[in-house]
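The values are calculated or read from the model by the stated rules, or taken from the named source; none is laboratory data. Just so it is clear, the model here is predicted, and its values are computed rather than measured. Don't worry about glycine lacking a Cβ; one is built from the backbone with ideal geometry, like all the others, and counts go over all protein chains shown. All accessible areas refer to the heavy atoms of the entire protein, side chains included, with ligands and DNA or RNA removed. Shrake-Rupley method; radii C 1.70, N 1.55, O 1.52, S 1.80 Å.
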Amino acid sequence: MSRTYEEAVKYILDIPRFTKKNDLVHTKTFLRYLGDPQEDLKILHVAGTNGKGSVCAYLDAMLRAEGKHTGLFTSPHLVRMNERIVLDGRQIGDGSFCQVFEEVLSKVREMQRAGMPHPTFFEFLFGMAMLAFRKTGVEYAVVETGLGGRLDATNAAEHPLVTVITSIGMDHMEYLGDTIGKIAGEKAGIIRPGVPVFYAQTCEESDRVIRQTAENRHCFCKKIGKDAYEILGIEDKHIAFSCANAYYGNTTWKLNNIGVYQPCNALLAMEAMRFLFGETGHPKLWRQALAEVKWGGRMEEILPDVYVDGAHNISAVEAFAQSVPESAEGNIILFSAVRDKEYTEMIACLCRNVQADLYVVAQIEDDRGAGASALGKVFEEHTDKPVIVRESVKDAFRYVLEHQKGRAVYCLGSLYLTGEIKGLIQEVKQKC
């Protein structure tokens with residue numbers, strides 16, 4: 001039976017209801033049933049707490065600038081599931097999505113008949129991406145881990161060209177460990193023997209774990225430190241920076257984003273590219289490609305002076321706070337979070353570090369969403385500014401737009417919040 005796009009998406013969304021976490025042996029078996037499509041790809045594997053998606057987007061853009069056929073696998077999606085599988089810069093079409101879905105599902109049925117468990121939600125989509133990449137002749141695949149690294153389904157692809165580890169922070173502690181060192185150890189699990197690794201300087205504890213893992217596995221290892229670049233300024237919604245390395249000369253690089261954390265992400269990607277292409281690379285083309293990258297949900301301006309940012313842990317909120325212009329006053333913050341995040345600390349950080357004269361909170365639609373009233377009470381404990389509670393994101397977003405009056409609006413706390421708001425914007429555009 002051939003399913004519609006909506007039916008295929010519903011099936012995938014329902015997977016968590018009837019399967020459980022599988023180990024890497026299962027994922028490798030699943031890939032074998034699909035014909036090991038990952039073995040035909042030159043994979044760039046990216047892990048980390050914050051910035052993974054941005055690094056992946058930058059890598060993909062520069063590879064395409066070099067004339068390469070690329071596949072990009074990221075998560076989560078914000079509005080549509082197609083966002084997770086990108087072919088040569090374009091989201092997979094609904095028809096191709098359905099075709100690959102049916103092929104994967106048929107192999108899953110074979111696995112089940114042989115007594116093996118159904119792949120998880122993430123495994124299934126990873127398998128779809130790998131198959132879609134092979135079917136369309138992808139040469140370079142940029143692959144983002146879902147959670148952690150060592151046990152992540154993407155780590156079943158055993159022969160990456162390079163590995164990249166972005167900044168490390170306290171997130172998903174129930175799965176990855178309760179210290180920076182333990183979390184870094186899980187992320188460093190993607191490091192393969194002899195495969196070069198590039199990582200962002202975070203703190204001595206996490207840096208040491210990554211360096212030691214690379215040394216144990218005899219890998220070339222390069223840290224992108226805070227002294228590797230200099231932010232030159234933010235103008236016209238772009239951030240400009242220069243690189244300390246003579247390879248890049250006196251070039252000024254620009255990113256279509258105002259996040260102060262993005263130059264480090266871009267340089268991580270640039271250094272991986274420099275390793276891969278060396279003197280045959282074209283940095284001038286990379287510069288143009290990076291300036292055009294728009295990565296959704298990361299200090300993204302979705303309406304005039306209305307920004308959405310996917311910051312959903314303490315380190316990401318700290319980075320967000322650094323990106324809000326110091327001269328800005330009278331900002332509006334729209335906030336929501338999921339219950340299992342450290343939202344009390346996130347809220348305290350926001351109130352302490354960002355100038356705002358109005359806070360609006362709401363509950364996201366997902367079952368994991370923290371209650372709006374609970375969020376509002378935490379804000380009231382940390383600020384004397386007005387705190388407005390709205391039960392739905394739709395009502396909250398309508399409220400901030402009605403009361404914007406020339407002020408900047410920043411929406412953050414959860415990628416689910418970002419997705420809902422971007423979905424609302426799309427609905428309005430479709431009606432116009």
Considering segment 295-311, residues that are open to solvent by less than 10 Å² (accessible area, probe 1.4 Å) and part of a strand (DSSP E or B), and then whichever is farthest from residue 61 (Cα to Cα), we arrive at 306
Quick one: which strands (runs of 3 or more DSSP E) lie wholly within segment 28-135 and hold at least 3 residues that are touching a residue at least 60 places away in the same chain (Cβ under 8 Å)? 42-47, 70-73
Check on residue 144, touching a strand residue (DSSP E or B) at 6+ places or on another chain (Cβ under 6 Å), open to solvent by less than 50 Å² (accessible area, probe 1.4 Å) and of a type in the set (D, E, K, R): yes
Can you tell me which residues in segment 106-126 are under 16 Å from residue 37 (Cβ atoms) and either open to solvent by less than 10 Å² (accessible area, probe 1.4 Å) or among the basic types (Lys, Arg) (or both)? 107, 108, 111, 119, 123, 124, 125, 126
Given (1) part of a helix (DSSP H, G or I); (2) within 24 Å of the chain's Cα centre (by Cα), index of the condition residue 258 fails: (1)
Could you please tell me which pairs satisfy a Cβ distance under 8 Å, a separation of 6+ or placement on different chains, a first residue in segment 324-353 that is within 20 Å of residue 372 (Cα to Cα) and free of Cβ contacts under 8 Å to residues at least 60 places away in the same chain, and a second residue that is of a type in the set (Ser, Thr, Tyr) and assigned to a loop (DSSP other than H, G, I, E, B)? 351/383
Residue 289 meets each of (1) surrounded by 14 or more Cβ atoms within 10 Å (Cβ to Cβ); (2) modelled with pLDDT under 95 with one exception, condition (2)
From the set of residues in segment 384-415 that are surrounded by fewer than 20 Cβ atoms within 10 Å (Cβ to Cβ) and of a type in the set (Ser, Thr, Tyr), which is nearest to the chain's Cα centre (by Cα)? 392
Failed condition for residue 398, given (1) of a type in the set (D, E, K, R); (2) out of contact with any Phe, Trp or Tyr (no Cβ under 8 Å at 6 or more places or on another chain); (3) in contact (Cβ under 8 Å) with a residue 12 or more places away in the chain, with all others met? (3)
